[in-house]
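Reading through the structure tokens given below for one structure.
The values are calculated or read from the model by the stated rules, or taken from the named source; none is laboratory data. Here the structure is a predicted model, which means the values were calculated and not measured. Methodologically, a virtual Cβ is constructed for each residue, glycine included, from the backbone with ideal geometry; neighbour enumeration extends over all protein chains shown. To get the accessible areas, we keep the full protein, side chains included, count just its heavy atoms, and leave off ligands, DNA and RNA. Shrake-Rupley method; radii C 1.70, N 1.55, O 1.52, S 1.80 Å.
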Amino acid sequence: MNTLDDLIAKIDPERIPRHVAIIMDGNGRWANLRGRPRSDGHAEGVSAVHRAVEFSSDMGIEYLTLYAFSTENWNRPQHEVDTLMYLIGWAIERELPDLIRNNVKIRLVGDIPRIPADARQRLLNAEKATAHCSGLTLLMCLSYSSRWEITEAARRLAAQAAQGVINPEDISEELISQNLDTVGVPDPDLLIRTGGEERISNFLLWQIAYSELYFTPVLWPDFHKTTYAEAILDFQNRERRFGKTSAQVQNDPDSNF
Ligand code: IPE
Ligand code: IPE
Ligand code: MG
């Protein structure tokens, strides 16, 4: 069993992913396994978020995107939705001083007006209070789904075309990227999903076109810095070719990853 220090020693500091995205799955099963209510799993998941943020900061990762609540998650039983919203608001407020101290900038992604007022206010407050921070950018995806995000972008661009602000031929991949909630953020280098499912569940479909995918059976509340370090090591052992040949990539002095 590798200790965290052993794993960190193996990580190449020159090839740290700039942007890591995580589908934090498995809270309910973690609780079920212990005969406890699903909400206990979500509460325990908050500690895993804390560890993931801390490790990302320590490793010099620039962007961490966390899938905290999907558009489809609104369809869960109302009491579970209520608990999750309460927990999200409570956790962000509790973590705020620590986030500011660690220079972490919060950015909210998703249909934020749909979040109940109490949690929404706490989230918006955290976004505002960390706007000056210049360390890790933490993108919190809430009431988010990629199809929702792309649909919104399409609607905005169509409106601009109808008003004559842009021409249809002006619509490029760049313009679409600029109209997504993740505008200005480089695409994820590494996407991690915990909980054992090997699917994307409507997360960042556009942005992960060339991301490396890492699936682990570890349930989110059990996600420790060692799990994270293992994912980064796995990422560093891959060859990202972006459609080119292996020889091309190996001869490219600029190909960092
Ligand atoms: C992830 O854990 C948290 C959210 C989706 C909000 P789940 O609640 O999906 O846990 P499982 O997948 O049922 O174990
Ligand atoms: C994905 O997990 C969404 C989040 C982690 C927020 P789900 O538990 O909702 O995904 P499915 O239903 O298993 O695809
Ligand atoms: Mg799940």
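Taking the numbered list (1) among the polar types (S, T, N, Q); (2) more than 12 Å from ligand 2 (Cβ to nearest atom); (3) modelled with pLDDT of 95 or more; (4) open to solvent by 10 Å² or more (accessible area, probe 1.4 Å) in turn, Asn2 passes all entries but (3).
Counting the residues of segment 192-214 that are within 16 Å of ligand 3 (Cβ to nearest atom) and under 14 Å from the mean Cα position of the chain (by Cα) gives 7. Regarding segment 125-133, can at least one residue be identified that is aliphatic (A, V, I, L, M), surrounded by 13 or more Cβ atoms within 10 Å (Cβ to Cβ), in contact (Cβ under 8 Å) with a residue 12 or more places away in the chain and at positive phi? Taking every residue of segment 125-133 in turn, none turns out to be aliphatic (A, V, I, L, M), surrounded by 13 or more Cβ atoms within 10 Å (Cβ to Cβ), in contact (Cβ under 8 Å) with a residue 12 or more places away in the chain and at positive phi. Annotation: of all residues in segment 135-175 being assigned to a helix (DSSP H, G or I) and in contact with a Phe, Trp or Tyr (Cβ under 7 Å, 6 or more places away or on another chain), the one that is surrounded by the fewest Cβ atoms within 10 Å (Cβ to Cβ) is Ile150.
From the list Ile100, Ile150, the lone residue that is farther than 24 Å from Arg199 by Cα, among the β-branched types (Val, Ile, Thr) and touching a helix residue (DSSP H, G or I) at 6+ places or on another chain (Cβ under 9 Å) is Ile100.
Any chance segment 6-13 includes a residue that's among the hydrophobic types (A, V, I, L, M, F, W, C) and within 12 Å of ligand 2 (Cβ to nearest atom)? Looking through segment 6-13, none of the residues is among the hydrophobic types (A, V, I, L, M, F, W, C) and within 12 Å of ligand 2 (Cβ to nearest atom).
Set side by side, the residues Ala9, Ala117, Ala48, Ala68 differ, and just one is open to solvent by less than 70 Å² (accessible area, probe 1.4 Å), farther than 22 Å from Ile200 by Cα and either within 16 Å of ligand 3 (Cβ to nearest atom) or over 16 Å from the mean Cα position of the chain (by Cα) (or both), which is Ala117. Applying the condition of being touching a Lys or Arg at 6+ places or on another chain (Cβ under 8 Å) and in a loop (DSSP other than H, G, I, E, B) to segment 207-227 and asking which residue is surrounded by the fewest Cβ atoms within 10 Å (Cβ to Cβ) yields Tyr210.
Here segment 176-206 is the region considered, the condition is being outside any loop (DSSP other than H, G, I, E, B) and either open to solvent by 20 Å² or more (accessible area, probe 1.4 Å) or over 18 Å from Tyr228 (Cβ atoms) (or both), and the residue that is farthest from ligand 1 (Cβ to nearest atom) is Gln178. In segment 38-87, the qualifying residues are those that are more than 23 Å from Val185 (Cβ to Cβ) and of a type in the set (Phe, Trp, Tyr), and the one that is farthest from ligand 1 (Cβ to nearest atom) is Tyr86.
Does Glu230 satisfy being modelled with pLDDT of 95 or more, out of contact with any Asp or Glu (no Cβ under 8 Å at 6 or more places or on another chain) and not in a helix (DSSP H, G or I)? So Glu230 does not fit the description; no.
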